[in-house]
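Report on one structure; see the data block that follows.
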Amino acid sequence: MSTVRLGVNIDHVATLRNARGGPHPDPLDAARVAVAAGADGITMHLREDRRHIRDGDVQLVRNELAVPLNLEMAATDEMVAIARALRPHACCLVPERRAEVTTEGGLDAAGQIEALRPIVAALGEAGIRVSLFIDPDPSQLRAAAALGAPVVELHTGAYAEGRQGEFERLREAAALTAELGLECHAGHGLTYGNAAAIAALPQVRELNIGHFLIGQALFDGLGAVVRRMKAIIAGSREARDA
Ligand code: PXP
């Protein structure tokens with residue numbers, strides 16, 4: 001039985017730290033706790049405005065932790081230069097607008113294919129596994145394959161909001177990744193309640209989850225929350241394969 005990796009996104013530990021301007025709580029400490037509890041990777045979004053994660057945070061996690069670091073970033077020259085110097089395991093290209101509260105909607109890979117081509121190539125040449133964060137839309141998946149990105153992360157935000165038909169769209173998109181030779185990841189808005197259905201999709205290899213885990217950690221502690229999410233993900237595959 002194949003397992004699904006859990007990438008723990010620690011951005012909102014930095015949100016809390018930055019609210020007071022001091023060093024606490026430290027995202028590196030959160031990454032250590034998450035890894036000790038079974039996180040398969042750490043995900044961090046270095047936004048253009050540095051509203052949560054800062055350059056030093058990604059460097060510290062990269063230097064200290066042995067698990068894969070997944071750097072989420074906008075497809076800009078500044079971020080490509082940072083990623084090529086940092087050499088994380090993976091880079092997930094996301095759309096970014098300063099005014100947005102979080103990543104709203106996937107990257108328009110189909111509409112920006114020529115602009116993305118050199119960026120995907122530059123990251124790939126540096127040995128970084130490139131992922132495109134896209135909506136579960138066949139044209140976006142085909143664009144990702146045409147760009148030579150090895151991985152797509154399907155945006156689960158609309159599904160998490162309970163929008164009609166979204167689970168079916170994700171199911172079909174995940175099936176298409178296999179046909180196109182893309183590794184399938186998923187994330188955004190996932191919780192204890194809605195992650196299992198996505199983890200059970202046979203093509204899904206990794207979930208990236210942040211806001212819910214960090215929020216729930218206020219009540220249960222981060223280690224306990226990561227362990228419970230890992231159990232939910234593993235249980236979804238066991239139930240499916242039984
Ligand atoms: N994956 C990507 C590409 C994201 O941009 C985000 C949000 O930063 C997530 C996953 C995690 O979403 P959430 O914080 O809602 O779990």
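The values are calculated or read from the model by the stated rules, or taken from the named source; none is laboratory data. Note that this is a predicted model, so its numbers are computed, not measured. All Cβ positions, glycine included, derive from the backbone under ideal geometry; neighbour counts span all protein chains shown. Heavy atoms of the whole protein, side chains included, go into the accessibility calculation; ligands, DNA and RNA do not. Shrake-Rupley method; radii C 1.70, N 1.55, O 1.52, S 1.80 Å.
Kindly indicate whether any position in segment 109-119 is under 19 Å from the mean Cα position of the chain (by Cα), closer than 25 Å to ARG163 by Cβ, modelled with pLDDT of 95 or more and open to solvent by less than 30 Å² (accessible area, probe 1.4 Å). Yes, the conditions are met somewhere in segment 109-119. Of all the residues in segment 99-127, those that are more than 15 Å from the ligand (Cβ to nearest atom) and assigned to a loop (DSSP other than H, G, I, E, B) number 6.
Pull up segment 35-88, narrow it to residues that are polar (S, T, N, Q) and surrounded by fewer than 19 Cβ atoms within 10 Å (Cβ to Cβ), then point me to the one that is nearest to the ligand (Cβ to nearest atom). Checking each candidate, the answer is THR76. Report yes if some residue within segment 187-201 is under 18 Å from the mean Cα position of the chain (by Cα), within 12 Å of the ligand (Cβ to nearest atom) and part of a strand (DSSP E or B); otherwise report no. Checked against the condition, which is being under 18 Å from the mean Cα position of the chain (by Cα), within 12 Å of the ligand (Cβ to nearest atom) and part of a strand (DSSP E or B), segment 187-201 yields at least one hit.
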